[in-house]
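Just so you know, all these numbers are worked out from the coordinates, no wet-lab data involved. This structure is a prediction, so every number in the text was calculated from the model and none was measured. In this analysis, Cβ positions are derived from the backbone assuming ideal geometry, glycine residues included, and neighbour counts consider all displayed protein chains.
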Amino acid sequence: MSATTYPNYSPGLEGVIAGITTTSDISSEESRLIYRGYDVHDLASKGTFEQTAYLLLYGKLPNRSELDAFEKTLKDEREVPKEVHDALRALPKDTHPMDICKVGFAVVAPFDPDYAAPATDQAANLRKAVRIVAKASTIIGNGHRIRSGQEPLATKKEHTVAQNFLYLITGKDPDAETAHVLDSSLTLYAEHGFNASTFACRVTVATLSDIYSGIVTGIGTLRGPLHGGANEEAMKMILEIGTPDKAEAWIRDALATKKKIMGFGHREYKKRDPRAIYMTKVGKELCEKKGQTQWSKIADILEHVMETEKGIYPNVDFPAAYAYYVLGFPIDLYTPIFVMARVSGWSAHVLEQLANNRLIRPACIYEGPHSATWVPIEQR
Ligand SMILES: CC(C)(COP(=O)(O)OP(=O)(O)OC[C@H]1O[C@@H](n2cnc3c(N)ncnc32)[C@H](O)[C@@H]1OP(=O)(O)O)[C@@H](O)C(=O)NCCC(=O)NCCS
């Protein structure tokens, strides 16, 4: 029997329902994304990443005192042990920042005060999740400093997550506008249902492994250009195009040669990605303000040709790419920035998976031979 004759087989698991969640919901038809009922546009424009992270981890928006306490814990838990920096110093200088991230979280895990707690201890898992969200911007920011031959900086208690990252990257206290652009992008990147990295994370913890192993799995899965790595590839493409006058010919040629255009298309959104709608507004405003409209003009042309020729729209990675470029981030940090946000969604899914756990173990179709005859090694 060939693979196509199995009625339940869906390549890439497209359309397969693999679980139940209360974290977020995607409406492809309405181009809408909600986290626990709240529209991401409201969360990104009116809230903060800290409020979004609280919402994902605790299941409700915080009131003032809950938010104050949560923010204080994030600040108190922000630093990482010096052994993490030592481990990052031992890596080759050209180590990709996503590998720096993986190593950072792998090394910090045994230092967690709840390290020895069983995988099913949900109170300990929640405390670990908060520490993971707190430490992500430090691991990525100081990891970048170490790979660039700089000393790690001590974090500052007054900073938010976005400000902490900007401070570690630039060595200066960030201005409010820059911090707001990064902060809203973190909310947009925080959670997205059963995407590849979140699913991988759930598969890992469903074996009753631990939350840090789930996070390391998530980072490894996010790295690829068909998932989180698309924002880096999208910016490389925009830079290769270089100027708006070259954009139309470039994209038409790319489509004619069947190239995948990075930062466009989405498995779940057949119309517009709501995160991209908001991020495009923020990104293009930023290009205007910073006098770097060549990137938004190239973006306009690519969006127009992709829509008219293919009916395909940008996903969030496309506007995030040029927004991050204008903010001055090195391109290979774009996917780690995604990690900084997504650790909140991954952690929420870990807690949810373990609250009602069942080992995730799908079946597969065997297409190999059935009756091979053993041949002694001397005769093969
Ligand atoms: C995200 C993505 C993997 C979704 O893929 P998918 O649901 O498996 O859809 P497919 O790759 O099967 O694409 C369906 C069709 O649309 C086309 N298509 C989808 N995305 C495209 C893109 N970015 N550029 C050009 N064509 C694209 C495919 O070529 C295919 O056309 P065909 O039927 O004529 O062969 C895909 O859109 C993609 O590779 N995008 C670029 C990477 C990216 O931005 N990823 C970040 C996602 S948030």
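Quick notes on this one:
- Summed over the stretch 261-302, the residues that are within 11 Å of the ligand (Cβ to nearest atom), under 20 Å from the mean Cα position of the chain (by Cα) and assigned to a loop (DSSP other than H, G, I, E, B) give a count of 9.
- Residues of the stretch 333-360 that are β-branched (Val, Ile, Thr) and either surrounded by fewer than 24 Cβ atoms within 10 Å (Cβ to Cβ) or farther than 13 Å from residue 198 by Cα (or both): 335, 337, 360.
- For the residues 60, 82, 46, the requirement of being free of Cβ contacts under 8 Å to residues at least 60 places away in the same chain and either touching an Asp or Glu at 6+ places or on another chain (Cβ under 7 Å) or more than 23 Å from residue 186 (Cβ to Cβ) (or both) singles out 82.
- For the stretch 361-375, the criterion of being surrounded by 10 or more Cβ atoms within 10 Å (Cβ to Cβ) and touching a Leu at 6+ places or on another chain (Cβ under 6 Å) is satisfied by no residue at all.
Okay, residues lined up against (1) under 30 Å from residue 130 (Cβ atoms); (2) in contact with a Leu (Cβ under 7 Å, 6 or more places away or on another chain); (3) of a type in the set (Val, Ile, Thr); (4) part of a loop (DSSP other than H, G, I, E, B):
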residue	(1), (2), (3), (4)
9	no, no, no, yes
18	yes, no, no, yes
21	yes, no, yes, yes
25	yes, no, no, no
33	yes, no, no, no
41	yes, no, no, no
50	yes, yes, no, no
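- Residue match in the stretch 164-185 (condition: assigned to a helix (DSSP H, G or I), within 16 Å of the ligand (Cβ to nearest atom) and either closer than 21 Å to residue 320 by Cβ or over 20 Å from the mean Cα position of the chain (by Cα) (or both)): yes
- Look at the stretch 218-229: where a residue is touching a residue at least 12 places away in the same chain (Cβ under 8 Å) and in a loop (DSSP other than H, G, I, E, B) and a partner is buried (at least 24 other Cβ atoms within 10 Å of the Cβ) and basic (Lys, Arg), sitting 6+ places away or on another chain with Cβ atoms under 8 Å, you get 228/342.
- All positions within the stretch 305-335 that are more than 16 Å from the ligand (Cβ to nearest atom) and within 15 Å of the chain's Cα centre (by Cα): 332, 333
- Number of positions in the stretch 303-326 that are surrounded by fewer than 24 Cβ atoms within 10 Å (Cβ to Cβ), without any contact (Cβ under 8 Å) to a residue 60 or more places away in the chain and out of contact with any Pro (no Cβ under 8 Å at 6 or more places or on another chain): 10
- One residue from 65, 45 being in contact with a helix residue (DSSP H, G or I) (Cβ under 8 Å, 6 or more places away or on another chain), farther than 23 Å from residue 197 by Cβ and of a type in the set (Gly, Ala, Ser): 45
- Qualifying residue in the stretch 174-184 (condition: under 20 Å from residue 106 (Cβ atoms) and either of a type outside the set (S, T, N, Q) or surrounded by fewer than 16 Cβ atoms within 10 Å (Cβ to Cβ) (or both)): no
- The stretch 230-260: number of residues that are among the small types (Gly, Ala, Ser), free of Cβ contacts under 8 Å to residues at least 60 places away in the same chain and within 13 Å of the ligand (Cβ to nearest atom): 2
- Applying the set (1) part of a helix (DSSP H, G or I); (2) of a type in the set (Phe, Trp, Tyr); (3) without any contact (Cβ under 8 Å) to a residue 12 or more places away in the chain to residue 374 leaves exactly one unmet item: (1).
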